[in-house]
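S.K.: Handing you a structure now.
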Amino acid sequence: MNRPWLKLSLIESNEERKAYRSLLLLADDWAEAVDQYMYEGELYIAQDQQDQVLGVCLMHALSPEEAEIKNLAVRPEFRGQGVGKAIIEELCSRFASKGFSRIIVGTANSSIDNLAFYRAFCKIHFLIRRDKFEGVLA
């Protein structure tokens with residue numbers, strides 16, 4: 001879906017990634033985990049037309065066919081405006097063009113807002129595990 005107001009940029013260097021740690025912590029308050037996985041996969045920043053950072057998304061390839069949304073965070077002042085949905089739609093499209101057929105999402109099972117967000121976004125098959133759920137974006 002074409003959203004001219006949204007720009008997604010891949011952050012390649014570890015030094016650049018450090019600048020987005022605080023945003024990643026908006027979606028995962030376990031700092032030790034964030035510190036470990038923030039250097040894995042592909043980190044994208046979402047910006048508006050004025051280059052204001054709206055949010056971040058960390059995607060991690062699990063196999064040649066399957067990728068995981070490891071972290072998706074939208075700055076609080078931009079939540080509820082379609083930013084998170086736009087990020088996911090754009091990244092799902094990009095990853096599909098790379099040959100990925102499944103996108104997995106994971107979050108704590110107590111994150112009711114996260115469950116509602118992903119449920120409203122698209123059809124997801126949930127697998128609830130102790131301390132986290134996983135869903136497949138269909």
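The values are calculated or read from the model by the stated rules, or taken from the named source; none is laboratory data. Computed from a prediction, not measured in an experiment: that's the story for all the values here. Using ideal geometry, Cβ is built from the backbone for each residue, glycine included, and neighbour counts are taken over all protein chains shown. Side chains included, ligands, DNA and RNA excluded: accessible areas come from the protein's heavy atoms. Shrake-Rupley method; radii C 1.70, N 1.55, O 1.52, S 1.80 Å.
S.K.: Could you figure out which of (1) assigned to a loop (DSSP other than H, G, I, E, B); (2) open to solvent by 80 Å² or more (accessible area, probe 1.4 Å); (3) closer than 22 Å to I103 by Cα isn't true of S63?
M.R.: (2)
S.K.: In region 91-110, what residues are part of a loop (DSSP other than H, G, I, E, B), modelled with pLDDT of 80 or more and open to solvent by 70 Å² or more (accessible area, probe 1.4 Å)?
M.R.: K98, S101
S.K.: Right, next: Of all residues being open to solvent by less than 30 Å² (accessible area, probe 1.4 Å) and touching a Phe, Trp or Tyr at 6+ places or on another chain (Cβ under 8 Å) in region 66-80, which is nearest to Q47 (Cα to Cα)? Just the residue, please.
M.R.: Here the residue is N71.
S.K.: Here is a further query. For region 69-104, give me each residue that is polar (S, T, N, Q) and farther than 13 Å from L23 by Cα.
M.R.: Within region 69-104, Q81, S93, S97, S101 qualify.
S.K.: Something else about it: Which members of region 80-94 meet the condition of being over 22 Å from E66 (Cβ atoms) and free of Cβ contacts under 8 Å to residues at least 40 places away in the same chain?
M.R.: G80, Q81, G82
S.K.: For D51, only one of the following conditions fails: (1) modelled with pLDDT under 90; (2) exposed (fewer than 11 other Cβ atoms within 10 Å of the Cβ); (3) charged (D, E, K, R). What is its number?
M.R.: (1)
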